[in-house]
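Before any comments, here is the structure.
The values are calculated or read from the model by the stated rules, or taken from the named source; none is laboratory data. Note that the coordinates shown come from a computational prediction; the quantities given were computed from them, not determined experimentally. Neighbour counts are summed over all protein chains in view; Cβ atoms, including those assigned to glycine, are modelled from backbone coordinates with ideal geometry.
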């Protein structure tokens, strides 16, 4: 008896979501399933690193470049990368245990996402990884759509070209 009710509720959610078109797909409701996230279980490391292509930026514990999105906001912090966006740009999830190297603790915080996870912010800006960066130190996400940029330890956009 429980299975048909769950199926009916799932179908109702799908139908109501598709019946309501939205002119701005970034503002749609959060998915029912958890987000794929650039999350490290246990202590997560964020560190400042100087990359030849873009200068001083923030990387995660694996050395992968972190990014900020111009459609987000820093004051107040708000993440607008939802739905299909987070498949290419996984949010960096706050595990509650961050170790910072070369980054001012006062600039690091978090924002609650629509799915109730907490996303790391730097200088108020929500931060992400880029799925297109296949190796540590790559900056292929820098400049994508002229809205994605490697993030500096101060939360600013990095300068330089992609790498």
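One residue stands out among those in the range 51-79 that are part of a loop (DSSP other than H, G, I, E, B) and touching a strand residue (DSSP E or B) at 6+ places or on another chain (Cβ under 7 Å): the one that is nearest to residue 118 (Cα to Cα), which is 79. Within the range 28-47, the presence of at least one residue that is under 15 Å from residue 136 (Cα atoms) and at pLDDT 95 or above is confirmed.
Residue-by-condition table, conditions (1) at pLDDT 95 or above; (2) buried (at least 20 other Cβ atoms within 10 Å of the Cβ); (3) more than 14 Å from residue 148 (Cβ to Cβ):
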{"site": "71", "(1), (2), (3)": "yes, no, no"}
{"site": "82", "(1), (2), (3)": "no, no, yes"}
{"site": "91", "(1), (2), (3)": "yes, yes, no"}
{"site": "98", "(1), (2), (3)": "no, no, yes"}
{"site": "102", "(1), (2), (3)": "yes, no, yes"}
{"site": "105", "(1), (2), (3)": "yes, no, yes"}
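Entry remark, the range 143-163: residues being within 14 Å of the chain's Cα centre (by Cα) and surrounded by 15 or more Cβ atoms within 10 Å (Cβ to Cβ) number 5 in total.
Just to be sure I understand, how many residues within the range 108-140 are more than 12 Å from the chain's Cα centre (by Cα), at pLDDT 95 or above and surrounded by 15 or more Cβ atoms within 10 Å (Cβ to Cβ)?
First, pick out the residues of the range 108-140 that are more than 12 Å from the chain's Cα centre (by Cα): 108-109, 114-116, 123-124, 132-140.
Now drop any that are not at pLDDT 95 or above, which leaves 108-109, 123-124, 132-140.
After this cut, where a residue has to be surrounded by 15 or more Cβ atoms within 10 Å (Cβ to Cβ) as well, the list is 108-109, 123-124, 133, 137-140.
Count: 9.
Filtering the range 83-134 to residues that are touching a residue at least 60 places away in the same chain (Cβ under 8 Å) and within 15 Å of residue 65 (Cβ to Cβ) leaves 120, 122, 127, 128, 129, 130, 133. For the range 135-163, a residue qualifies if it is free of Cβ contacts under 8 Å to residues at least 60 places away in the same chain and under 23 Å from residue 106 (Cα atoms), and the qualifying residues are 154, 156. Contact annotation: residue pairs with Cβ atoms under 8 Å, 6 or more positions apart or on different chains, pairing a residue in the range 56-72 that is at positive phi with a partner that is surrounded by fewer than 24 Cβ atoms within 10 Å (Cβ to Cβ) and assigned to a loop (DSSP other than H, G, I, E, B), are 63/136; 63/137.
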